[in-house]
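Taking it in order: structure first as structure tokens, then the write-up.
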Amino acid sequence: MDENERLVAYLKANGSIRRKDVERAFLDLPRHLFVPKDLQKEAYEDHPLPIGWGATISQPSIVASMTELLEPKKTDVILEVGTGSGWQAGIISRLVKQVYSIDIVPQLVEQAKENLKKTGIRNVEIKVGQGSNGWPEKAPFGGIIVTAAVPVIFETWVEQLKEGGRLLAPVGWPMQTMILGIKRGGKLEKKELYGCMFVPLQT
Ligand code: SAH
């Protein structure tokens with residue numbers, strides 16, 4: 001068993017990975033490819049790592065759990081806010097038709113594009129922008145995943161979400177509660193899931 005296989009076995013054992021296709025995505029996209037060289041030896045531990053410009057690559061169990069909670073389908077178009085390393089976007093891209101991802105830091109967008117290119121992924125489009133505006137030209141989305149801490153769930157995102165679509169966002173500061181929202185009758189029905197810590201969404 002290599003290090004990535006061991007990580008996947010651990011994520012299955014703790015319940016973060018349930019779906020076979022999510023397991024496959026993790027095996028196909030080894031995390032060390034999304035981590036700076038000097039930290040690659042830590043890539044298979046279950047904690048976040050700094051990737052520069054104040055950003056972190058999320059902890060594997062959070063990436064797995066957010067991916068599962070999004071309930072991605074092959075026909076979905078998904079929006080991610082907070083591209084970072086591109087790893088979360090890459091994992092989701094294996095399960096859906098298209099991922100659009102936004103980051104506010106141009107250098108991170110360049111780095112994420114490089115990382116995804118190395119892994120042969122073509123269905124992730126990334127742009128530099130203010131994530132709170134969403135990506136109106138590409139809406140509506142079957143799901144929206146926010147990977148930076150926000151004070152509230154912005155109405156723009158709810159507008160850009162399809163009816164029945166799912167939204168995940170860590171809300172609060174300095175600690176967050178992971179919120180799962182499902183759009184029903186034009187409104188977001190929200191559920192509080194678990195405590196977590198993300199870097200803040202810059203305004
Ligand atoms: N999903 C990433 C981790 C994201 S860390 C991964 O898999 O590696 C949070 C990211 O949100 C950082 O890269 C940060 O630059 C970005 N960010 C912060 N404020 C933002 C904003 N207002 N709009 C878009 N992205 C933002």
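Net charge around Gln107, counting only other residues with Cβ within less than 15 Å of its Cβ (Lys, Arg = +1; Asp, Glu = -1)?
It works out to a net charge of -1.
Restricting attention to the stretch 7-112, which trypsin sites (Lys or Arg not before Pro) occupy a DSSP loop and are surrounded by at most 10 other Cβ atoms within 10 Å?
Within the stretch 7-112, the qualifying trypsin sites (Lys or Arg not before Pro) (loop, at most 10 other Cβ atoms within 10 Å) are Lys74.
List, in the order given, every pair from Lys12/Lys118; Lys74/Lys127; Lys74/Lys118; Lys117/Lys191; Lys97/Lys187 whose Cα-Cα distance in the structure shown is over 30 Å.
Among Lys12/Lys118; Lys74/Lys127; Lys74/Lys118; Lys117/Lys191; Lys97/Lys187, the Cα-Cα distance tops 30 Å for Lys117/Lys191.
Can you give the calculated 222 nm mean residue ellipticity of the chain, where each DSSP H run of n ≥ 4 adds -39,500 (n - 2.57) and the sum is split over every residue, rounded to the nearest 500 deg cm²/dmol?
The helix-only estimate for the chain comes to -8000 deg cm²/dmol at 222 nm.
Assuming R0 = 22 Å, what is the FRET efficiency of Lys127 and Lys74, from their Cβ-Cβ distance, to the nearest 0.05?
Computed FRET efficiency for Lys127 and Lys74 comes out at 0.40.
Let me check against my output: what whole-number percent is the relative contact order of the stretch 47-203, with C-alpha pairs under 8 Å and at least 6 apart?
For the stretch 47-203, the relative contact order is 19 percent.
Net charge around Asn123, counting only other residues with Cβ within less than 12 Å of its Cβ (Lys, Arg = +1; Asp, Glu = -1)?
Surrounding charge for Asn123 is +2.
Based on alpha-carbon centroids, what's the gap between the stretch 59-103 and the stretch 143-174 in Å, whole number please?
13
Between Trp53 and Met197, what is the label-point separation in nm under the 7 Å Cα-to-beta-carbon projection?
With each label point 7 Å from Cα toward Cβ, the separation is 2.3 nm.
All other residues with a Cβ under 9 Å from the Cβ of Lys12 taken together, and with Lys, Arg as +1 and Asp, Glu as -1, what is their net charge?
0
Every number here is computed from the coordinates shown, using simple stated rules; none is lab data. Nothing here was measured: the structure is a model prediction, and the numbers come from that model. We place every Cβ from the backbone using ideal geometry, glycine too, and count neighbours over all the protein chains shown.
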